[in-house]
Structures are given as structure tokens and as C-alpha cells.
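Please treat every number below as a calculation from the coordinates, not as lab data. Keep in mind that what you see is a predicted model, and the values were worked out from it rather than measured. Using ideal geometry, Cβ is built from the backbone for each residue, glycine included, and neighbour counts are taken over all protein chains shown.
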Amino acid sequence: MPPDELESVVLHGDVLRFVDVGSGPPVVLVHGLLGSHESWGPQIGKLSQKYRVVAPDLFGHGASDKPTGDYSLSSHAATLRDLMEHLGISSASFVGHSLGGGIVMQLTYLFPERVDRLCLVGSGGLGTEVSLLLKAATLPGSEWVLPVLASDWVRRNTEGVLDQLGRHLGRFGFPAQPSRSAAETWRTFKTVSDKPTRDAFLASTRAVVGLRGQTVSAKQHFPRFESLPSLLVWGGKDRMIPAAHADNLRRVVPGSRVEIFPRAGHFPQLDEPELFFRVLDRFLEEDVAG
């Protein structure tokens, strides 16, 4: 969907752009770091045949404004609350990918009445492990290094030697084998060449990641999720946030469902689009039936 087809709303003086398509029970898709509504690929079109799909470009991302200010999980969660208020949606099912997973868990904690169901996809906030790339973004001076790493020259030359660098590159969170996850990782990372986007990325990353890994955890709030229908979807080849993190929630919330896609990377919704849709649709249909 071209940017000029996105809807927009001014929240506290800044423009937030978003997709709002389809009709039926509302489903809100929340992307991760450097992502946008495009991170959901064909899922928006598939879901909109049965549901009202809302997919924002979070502040600091995509076509939305990139103000200087608060990029904490709570700030993003409040933005989602404000967007729902604007759209007249009292509650919805939420699907959060990567950082978006942490945001919707924070939303569930702060505004539980807004969340009917929760689907976490390769989510942050469930453990400390995270790729070296995100840890490096917390270092002083990273704002000068990131544009170089995101340049077309680095991309072309890195892709040319992926076979040789595969395992080592994977340690930094870049998929070593050609996949939709790899393409989306490069596409989103390339946006840090733009200074406002880079500043927002660094602010968002440093709000949740430190040199030792993720610094914000939802573990202390897991008991609040016990009665909330929950689905966790992970790529078995996810090197950005390991699939083992799903066990942290599954152990504490036995009623949660975990789906691991063995061949998928950090973007299972792109690597296995048909499977992802079937799994998510089945989960959402149970909500309708209930």
C-alpha cells in the first residue's frame, strides 16, 4: 500500500499514519524496530477479508512522524490506546512482532480492558538474549557507524559473500540464507541512513536493550496474562531473538499456545505466510466463537 493511501491522525502534535481496512472483529498489527505496516506483507490483505485490520506505522517508523522524545514501551502503548480511541475501537486482538510484542504486552499491563487476545511473534520482553547488532546500537558512537553499515555498498558486498560469512554474520542477527526474513531485515535496517529514523531507532533500542541484552522484561507481569488467550509464533531460525524465549511464557502461562515454524527466521509472517495466516486465523476464530 503506497504511503499516500495510508490514513493519518494527529496525536499530541505529531502525525501517525496507519492502515485501516476490512470489517469484522478488530485486529491490530504492531510491527517491530525499524519496521512499518509493510512488515506484515500479505497478512493485511488476507486478514482484512474477515477482520477489521489496523496496522500503524509507530512513531519513529515508516511514514509516521519521527519526533524527538519518548520512545519507551509505555509511550508506544499509549499511542496505540490513543489510536483506538480515535477509531472508536473499545478493544481488539493484538498481534505484536519483535519490539511490537513488548509494546502490546505493555499495553495489556497498562490498559487490560483494551486487549481481547494476544499474539506475540518473535517477541521481545520474554528473556535477555538478543542479537549483537541490537547490543551494538546501545554503544556511544553507534549513530555514526549505523549509516555505514546500512549503505548500499555494504549491502551489495555483504550479500556477495554470505556463503563465507553466513555463520558469523548470523551472530549479529542477519539471516545467512536468502529468505524473506533476510530481505526484510536489510530493507528495514537500510532506513537508518535517514537521521530522524536513526535517532528514533537508537532511542527505541536503548529503551529496551543494553550491553547485556534486553533490559525490560514482562516476566513479573506474566500472572496478569493467565486468563488472556495467548498465542506465540516463532521462527526456528530466528537469530535476532531466539525461539527459546517462548518457553518463558509457556512455563508461567500454561494455557498459552506456542507455534514454532522450523524453516522461518525473525519474520515468520513473511517466511511462511500461508502457515502464519492459518495459525493466526484459527486463533482469532476461537475469539469470535467465544
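So the values come out like this:
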| read-out | value |
| --- | --- |
| Förster radius 45 Å - calculated FRET efficiency between Ser23 and Ile260, Cβ distance, rounded to 0.05 | 0.90 |
| Whether segment 1-126 is rounded, prolate or oblate, judged on the alpha carbon gyration tensor where a/c under 1.5 counts as rounded | rounded |
| Burial order of peptide ranges 104-116, 55-67, 26-38, 79-91 (average beta-carbon count within 10 Å, highest first) | 26-38, 55-67, 104-116, 79-91 |
| Two-site label geometry, His86 and Ser72: point separation in nm, points 7 Å out along Cα→Cβ | 2.2 |
| Hull shadow area, averaged, segment 1-69 [alpha-carbon convex hull, nm²] | 4.6 |
| Ordering of 235-243, 270-278 by burial proxy (mean other Cβ atoms within 10 Å per residue, highest first) | 235-243, 270-278 |
| Residues in segment 64-99 that a label on Phe111 would reach, taking backbone N under 13 Å of a point 7 Å out along Cα→Cβ | 74-94 |
